[in-house]
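Heads up, the thing below is written out as structure tokens.
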Amino acid sequence: MTEIQPLIRVLLTDDHLLVLDGLAARLATEDHIDIVGKAHNGEEALELAHQLKPDVVIMDVSMPVLSGLEAMPRFREELPDVRVLMLSMHDDREYILPLIRSGASGYVLKDVSSHELIKAIETVHQGNTYFSSGASQALFHEPESDGHPREALSKREEAVLHLIALGYANKEVARTLSISVRTVETHRYNIKQKLGIQSTAGLTKYALEHNLI
């Protein structure tokens, strides 16, 4: 006997019409998925989510007006019961980690198969988290060092690294710490040299492993 799957109400959000239409067409073939609406940016997604009460919102990261990253804190505050599944072409840790920290239920790369996307929707709808293999690789298997001995960071460098790992740009770090952008750039360079880590993803992993975030 075939198990009857619960109906999942889904709101799609992407600024590319072809992507929206393609997703809607594919998901419409699934009897247990109901596409309740389409939005073109994070602001529209919030408005429609308030009206339509979807179970899951599939949302692109990079969009005009209000990006997925900017929309996530508002979803968590205004619609805490809605599960948000991020869909993106970016497989960099600096994109993924801030979204997870802000409350996204999952992160799926746009090159996944439709079967995996459906699995992701079902998983987050059940209250779990889902990361496609590419996103998991970026999160947990980034190379972090070139093998050079590490020097201790100063308290100021630790503060800068903390903000870098949270996804802050140099200007945001400078504003938060009340220092110049040039000083931030110098700290960033010194941190990389001391740790022997050249990528932002590697720095983020180091900060996670050493309880700096």
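The values are calculated or read from the model by the stated rules, or taken from the named source; none is laboratory data. Keep in mind that this is a model prediction, so the values were computed, not measured. For neighbour counting, all protein chains shown are included, and Cβ atoms are generated from backbone atoms with ideal geometry for every residue, glycine included.
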Give the residues of the stretch 180-197 that are farther than 24 Å from Leu69 by Cβ and outside any helix (DSSP H, G or I), sorted by residue number. Ser180, Gly196
Within the stretch 75-82, is even one residue within 17 Å of the chain's Cα centre (by Cα), farther than 13 Å from Ala39 by Cβ and crowded, with 20+ Cβ neighbours inside 10 Å? no
So which helices (runs of 4 or more DSSP H) are wholly in the stretch 1-102 and hold at least 3 residues that are in contact with an Asp or Glu (Cβ under 9 Å, 6 or more places away or on another chain) and modelled with pLDDT of 95 or more? 42-52
Filter the stretch 156-201 down to the residues that are of a type in the set (S, T, N, Q), surrounded by 16 or more Cβ atoms within 10 Å (Cβ to Cβ) and within 20 Å of the chain's Cα centre (by Cα) and list them by number. Asn170, Thr200
Any residue that is touching a strand residue (DSSP E or B) at 6+ places or on another chain (Cβ under 8 Å), farther than 22 Å from Gly127 by Cα, β-branched (Val, Ile, Thr) and assigned by TED's automatic domain parsing to the domain that holds Val82 - is there at least one of those in the stretch 18-36? yes
Flagged in the stretch 35-59 as in contact (Cβ under 8 Å) with a residue 40 or more places away in the chain and within 20 Å of the chain's Cα centre (by Cα), in numbering order, are Pro54, Asp55, Val56, Val57, Ile58, Met59
